[in-house]
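The values are calculated or read from the model by the stated rules, or taken from the named source; none is laboratory data. This one's a predicted model, so the numbers in the text were calculated from it and none came from an experiment. Protein only, heavy atoms only, side chains kept; ligands, DNA and RNA dropped before computing areas. Shrake-Rupley method; radii C 1.70, N 1.55, O 1.52, S 1.80 Å.
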Amino acid sequence: MPPKQPYRHYGVYIPWENVEDQWTEDSDINERGFIFINRLKTSKVMTVQSVGRGRRRGELLVKKMLRYNTDTDRDMPEELMISTAPAARVRLPRPRSVHGVERLYFAELYCWQYHKEHETHSLYYNGGTLEDFMEKYEEIRRPVPEHFIWLVALRLAEIVRYMSFGIPPGTDDNPPLAWELIAHRDVAPNNIFLHYHDPSTTREPAVGFVRNAFPEVILGDFGEVAMESDEPDLMRGGILDWGEVNDWEDIYFMGEILRRLAQTHLDHDLLDDVNGTLSNTVNDSLPANETPYSDDLIRMLEEFEYTGMDSARIYHSYENENGHEVQNWEDIPDPDRIANVIVPLARRKVRRYLGIGELPHGYYRSLDVSWTRPNAPMPYRHELETPNDNNTVQNDNQNGSPPKESSPKESSVLEESSPKKSSVPEGSSPEESSAPEGSSPEESSAPKESPPRPAPPSDVYRRQLGAVTAWSHVQPEHQIRTLKYNAPILYHVANTPPPGPIPAPPPGGDSDTEYIEVSSSSGIYSE
């Protein structure tokens, strides 16, 4: 009879130490600690997996050490000041349930603590960033499907409306009587995340999975955020690198993102090339088999263009035909227009593309954008013996050990390793495992039986395990554990987009033939 967990390798375990100043959404998330997965962005941002209980077991999280200047009058970092945590100065709206599906708008914080530095654990989003998404399409010079551009436009417009007026995304509630402008100031593609909900069934419907065509679009990384009443000397620079809060700043970068989404098929890479391309020309370079963008989409994108965009910046000005000086930002939509025109327009378009009435066979499959998802993360693979190492890191029995067995994410099991200390020192370079989505790391023999391995390059250590060792003064030192895996489940890997042309949305419902100047309708938006 084959073993239930035939695969194993050494991984890195990060304990959780309770401190006085902390908060958690659910103690099952953090109290048993985390498995280190990989490093993200900088050495202070990493992916970890909860060794929790019950439904929290195996939850993937993003652990971040926050920059924070304690010399200021702020009592918390910006990413906690405006967040989903209850102690936030402004608590961001939590996910909304729409037809049983969680609609996500803001990166959700699960726990934080102050232990010499502030650190947060927020939900990991499986679709990567919008930057990753666009780069996938740019690499193959394919246009992003129109329905997805409208989806991003709707989500970002609702977020801008909320931060300008306090109207929760996904609703048309009346704005609160007292509301202060919030400026994210870093609305960039690498701070916008995509997430694909797991389907309720493994059997694909005849029309395809709707969630693969319409993922969640989430704004995160509030490290540059400011409010209108903030003192300029307390503000970070934001993308524009100035200590000033403006209601047009986030709107401009929202428009820049939408215009870039409509230019992935063009042969340019620099932002100046994106700004130098007028939206009414993007259809000119489309291959014959691709569906042209609609007139309504082009007109919406043109709203985010300004005079002299190919050479001037948004904070510059120009002289109009009457000889008056006009600021470039005056050419783009203001918050009122975002709320009263762009939100309802994008909402109609998304609802229309979602389909009203009977859908043709394979409809959502033809709109599928999930091929851009990054590979599923795998736990970090730690090689215990590396040539020429003289130092050690902690083994299983230091700083306390969790229970012998705990099952993260279906297949991996955290188990105590032998009491032998690791010979991998700080500054060395353990390997990281990589495996396709749905597969497991190869079986690893005991160190004495393993063939000699060359020392991995030192930069691998700095990029990956350095995320743990560089900040061990903040969190208890990491420990080496054995991770065990079940037999892999095989899935087809989709890594190319559906072929063009993309079908038009089914007939019926709201008109999509004219650009209507409308006000927000009442009621909660439901897809």
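Here the range 177-235 is described by how far its Cα atoms reach on the three principal axes: 56, 31, 14 Å, from widest to narrowest. Shown in residue order for the range 85-101 are the 3J(HN,Hα) couplings computed by the Karplus curve 6.51 cos²θ - 1.76 cosθ + 1.60 at θ = phi - 60°: 6, x, 7, 5, 5, 10, 8, 5, x, 7, x, 9, 8, 10, 6, x, 10 Hz (x for Gly and Pro).
Karplus-based coupling profile of the range 163-172, in residue order and whole Hz: 6, 8, 10, x, 7, x, x, x, 10, 10, with θ = phi - 60° in 6.51 cos²θ - 1.76 cosθ + 1.60 and x standing for Gly or Pro. Under a 5 Å amide H cut-off, with hydrogens placed 1.01 Å from N, H382 pairs with Y10, G11 among residues at least 5 apart or on other chains.
Carbon and sulfur: what percent of the range 1-152's accessible surface (1.4 Å probe)? Before the final figure, lay out the partial values.
On the way: 2760 of 6300 Å².
Of all accessible area on the range 1-152, carbon and sulfur atoms account for 44 percent.
Subtracting the Cα-Cα distance of D284 and V326 from 0.36 nm times their residue separation leaves 12.0 nm of extension gain.
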